[in-house]
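Every number here is computed from the coordinates shown, using simple stated rules; none is lab data. It should be emphasised that the depicted structure is a prediction, and the values quoted were computed from it without experimental measurement. Cβ placement follows ideal geometry from the backbone for every residue including glycine, while neighbour counts extend to all protein chains displayed.
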Amino acid sequence: MRPASIARGIERGIDALLGVGIGVMVVALVWQVIGRYVFGHAPGWSEELARYLMLWITMLGSAAALRGGGHLSVTSLVDVLGPRALAAVMGLRDAVMVAACGLLAWQGLLFAQLNGVQESAAMEITMSLPYAALPVGAALIVVMVLLARLLGRPFATQPGSAEEGVF
C-alpha cells in the first residue's frame with residue numbers, strides 16, 4: 001500500500017470521526033437544553049458526553065487542521081527564505097513537532113493509564129476514554145507529519161499556500 005493512499009485513508013477517517021463527533025455533541029447539547037427548559041430536569045450525561053467529545057474533537061481536529069495549514073503560524077521568517085533554507089527550516093519544524101508530539105503521546109498514554117481506575121461522575125465510564133484523546137491525537141499528528149515527509153509534500157504554513165515541491 002502506498003503512503004499516499006494511507007494518508008488519504010487516515011484523512012477520510014479523521015474527517016468521518018470529526019463529523020460524527022460534532023453531530024453527537026450537537027444532539028447531546030440540544031437534549032440538554034430541551035431537558036432543562038422543557039422537562040425541568042437536565043440529564044447529567046449529556047453535558048459530560050459533550051465535554052468529552054470536545055476533547056476528542058480538539059485533538060483529532062488538530063491533526064486534520066495540520067494537513068491544510070490551518071494552525072496559527074507566523075511566517076515572517078519563512079517568507080524571506082530561499083528554497084534551500086526554507087527546506088532546512090521546515091525539516092527542523094517537522095522534527096521538533098514529531099519529537100514534541102511523540103513525548104505528548106507517550107506521557108498522555110501514561111496519564112490515561114494512571115486515571116483508568118477512576119470513573120466519570122454521570123456516565124460512569126472509565127476516565128481512560130476521555131484522557132485517551134491526548135495520546136491518540138498526538139500520535140495522529142506524528143503519523144500525518146511522517147506521511148507528509150514520505151510523500152515529499154510538507155504541510156503548508158498558511159491555508160492554501162503552495163509549499164509543495166520545496167522538498
Using the structure shown, decide if residue 108 is surrounded by 16 or more Cβ atoms within 10 Å (Cβ to Cβ), more than 27 Å from residue 150 (Cβ to Cβ) and either within 16 Å of the chain's Cα centre (by Cα) or basic (Lys, Arg) (or both). no
Give the number of residues within segment 1-53 that are of a type in the set (Val, Ile, Thr) and without any contact (Cβ under 8 Å) to a residue 12 or more places away in the chain. 7
Being touching a helix residue (DSSP H, G or I) at 6+ places or on another chain (Cβ under 7 Å) and surrounded by fewer than 16 Cβ atoms within 10 Å (Cβ to Cβ) is the requirement here; does residue 38 meet it? no
Checked segment 1-51 for anything within 24 Å of residue 127 (Cβ to Cβ), part of a loop (DSSP other than H, G, I, E, B) and among the small types (Gly, Ala, Ser); matches are 42
